[in-house]
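Visitor: Here it is: the structure, laid out below.
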Amino acid sequence: MQCEICGVEIIGSARKVVVEGTELDVCGRCSQYGKAPQGWIPVSRKVAPVVAATPKPKSGMRKTKRRSFDDMDDEIVSDYSRIIRDAREAKGWTLEELGLNIKEKAALIRKIERSEIKPEDNLRKKLERSLEIKLTERVSHDAMEHGTGFQGTTLGDIVKIKRK
């Protein structure tokens, strides 16, 4: 048998020592580097992952589900920026005052009023509530599916389909 530290051939019996949590068979010279395994209990190095306890919903409370795009019937109006600006000016508020009122930055409101960005649902609701306006309109599913706005030439108007 060989020493597991220095590799020398062990004559006689090997000594068991614990070096940094590992039990090794070593020679007499290398036994000074470890401790005797008396009372030593091997400890598994594998640590079980900690699972965070998720709070259970209280009775009467349900999880809110996000609306899918199929269910959406409201669409933001095309002139939302003008409506927001007119309502803000009618109240006599500056961009900063409106921002403080709805807890948003004035720069964000400025971009919305310039039509650089469209307000997301939560911001749209804040603006509607604060300015007492309506920024959405009801759109029927028929109008969205059939596309009433485009009257130009389509690929079907140009291509002749050969049938066998």
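The values are calculated or read from the model by the stated rules, or taken from the named source; none is laboratory data. All of these numbers come straight from a predicted model, not from anything done at the bench. Note that we place each Cβ from the backbone using ideal geometry, even for glycine, and neighbour counts take in every protein chain shown.
Visitor: With respect to residue 88, is the statement that it is under 19 Å from residue 139 (Cα atoms) and either of a type in the set (Gly, Ala, Ser) or surrounded by 17 or more Cβ atoms within 10 Å (Cβ to Cβ) (or both) true?
Guide: Details: under 19 Å from residue 139 (Cα atoms): no; either of a type in the set (Gly, Ala, Ser) or surrounded by 17 or more Cβ atoms within 10 Å (Cβ to Cβ) (or both): yes.
No.
Visitor: Looking only at segment 72-104, count how many residues are outside any helix (DSSP H, G or I), farther than 14 Å from residue 124 by Cα and charged (D, E, K, R).
Guide: Filtering segment 72-104 for residues outside any helix (DSSP H, G or I) gives 72-79, 92-94, 103-104.
Retained after the next criterion (residues that are farther than 14 Å from residue 124 by Cα): 72-73, 92-94.
If we keep only those that are charged (D, E, K, R) as well, we get 73.
Number of matching residues: 1.
Visitor: May I pose another question? Consider segment 123-151. How many of its residues are surrounded by fewer than 12 Cβ atoms within 10 Å (Cβ to Cβ), modelled with pLDDT of 70 or more and over 18 Å from residue 88 (Cα atoms)?
Guide: So the count comes out to 2.
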